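Okay, structure first, notes after.
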């Protein structure tokens, strides 16, 4: 009876990470999905269910991208039905939106519930310019809505009876794909908006409506940039160099296994976590990130450095004196550092002696020479 393409969360103008090529990915994904599953499949209509744009105020290039894709559908006679998402709301202080602009130019049909405070019906038919529902020639009725956010339960309570009162006829906003009871579908975003979405199924729905059933097929075989998340857990025994080499080895392994394909310029996140036996600031994160980005040829490389310093707490006797407490404190601090833990006792005693010299009023030269003797002993 009817066939249509269902898309959501296109986010044209996506500018996270301030990368022009990543912004272009969202346009390329939208264009490719429309060509493959709308034009080539000769669908009856295309359904855009929110967030065509990333921002309420858009750049000229972003508007051009939307117009290019919508005109492609217009040229082959495929109507586009749209509702607004929270990113598509009219900019503050204005009375219109970019979706309304596109609708006024005949590039899409924007379905919006009526303003009941102004005396309009909640649902009234599309008249060629405005409307909240439309009956298509293929025998399908499509009803629009706003982005209601947290007020959705109250809004649904108003919309349901209004829908039931319509003459006979022939979504929660999340980027994750889902299906419910064989008739509620959300395709997810066409491109991942963040690394957290890398594990989500996402795509576009090619939908066939038959007399006795609905068949919705999630299509994902269109242009999408690959997103890879890697994880390395430090155990606390590694040196700074060993941790760095571990990260490099993990990347080399991911490339060898073709999880990371440099020729595709993927987006990669490496999370370093766990515990380290050195001051966490000793690792040159910026330099390591640059080296890994060059290895992977990643369009965007995110290095998440989320580690804790190994903590030691030696038991103390209840009757321990001040000197014993000081020695154990120094011992714990030194034992937590790979460079010093082998000489923790010797260095702890040296630090106590250094403190005593300071309290005795020794000269800076004497204190300096004492510290040098400890360091020279360490190097030896």
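Every condition in (1) within 23 Å of the chain's Cα centre (by Cα); (2) surrounded by 15 or more Cβ atoms within 10 Å (Cβ to Cβ) holds for residue 261 except the one numbered (2). Among the residues making up region 193-233, those that are modelled with pLDDT under 80 and assigned to a loop (DSSP other than H, G, I, E, B) are 193, 194, 198, 199, 200, 201, 202, 210, 211, 212, 213. Screening residue 197 with (1) within 20 Å of the chain's Cα centre (by Cα); (2) outside the structural domain of residue 35 (by TED's automatic domain parsing) gives one miss only, at (2).
Looking at the structure I just gave you, is residue 372 under 30 Å from residue 242 (Cα atoms), outside the structural domain of residue 279 (by TED's automatic domain parsing) and at pLDDT 80 or above? It is true that residue 372 is under 30 Å from residue 242 (Cα atoms), outside the structural domain of residue 279 (by TED's automatic domain parsing) and at pLDDT 80 or above. Do we find that residue 235 is within 30 Å of residue 40 (Cβ to Cβ) and out of contact with any helix residue (DSSP H, G or I) (no Cβ under 7 Å at 6 or more places or on another chain) in this structure? In short, no.
For region 327-342, a residue qualifies if it is surrounded by 15 or more Cβ atoms within 10 Å (Cβ to Cβ) and part of a helix (DSSP H, G or I), and the qualifying residues are 327, 328, 329, 330, 331, 332, 333, 334, 335, 341. Please tell me if residue 269 is surrounded by fewer than 19 Cβ atoms within 10 Å (Cβ to Cβ), under 21 Å from the mean Cα position of the chain (by Cα) and under 22 Å from residue 196 (Cα atoms). No; evaluated as a whole, the condition is false for this residue.
Residues that are within 25 Å of the chain's Cα centre (by Cα), part of a loop (DSSP other than H, G, I, E, B) and within 21 Å of residue 221 (Cα to Cα) within region 17-75 comprise just one, 52.
Of the strands (runs of 3 or more DSSP E) lying entirely inside region 98-192, the ones with 2 or more residues being within 28 Å of the chain's Cα centre (by Cα) and at pLDDT below 70 are found at 178-180, 184-186. Of all the numbered requirements in (1) under 22 Å from the mean Cα position of the chain (by Cα); (2) under 25 Å from residue 201 (Cβ atoms); (3) not in a helix (DSSP H, G or I), residue 305 misses one, and that requirement is (2).
The values are calculated or read from the model by the stated rules, or taken from the named source; none is laboratory data. Computed from a prediction, not measured in an experiment: that's the story for all the values here. Because the Cβ atoms are built from the backbone with ideal geometry, glycine has one as well, and the counts that use them run over all protein chains shown.
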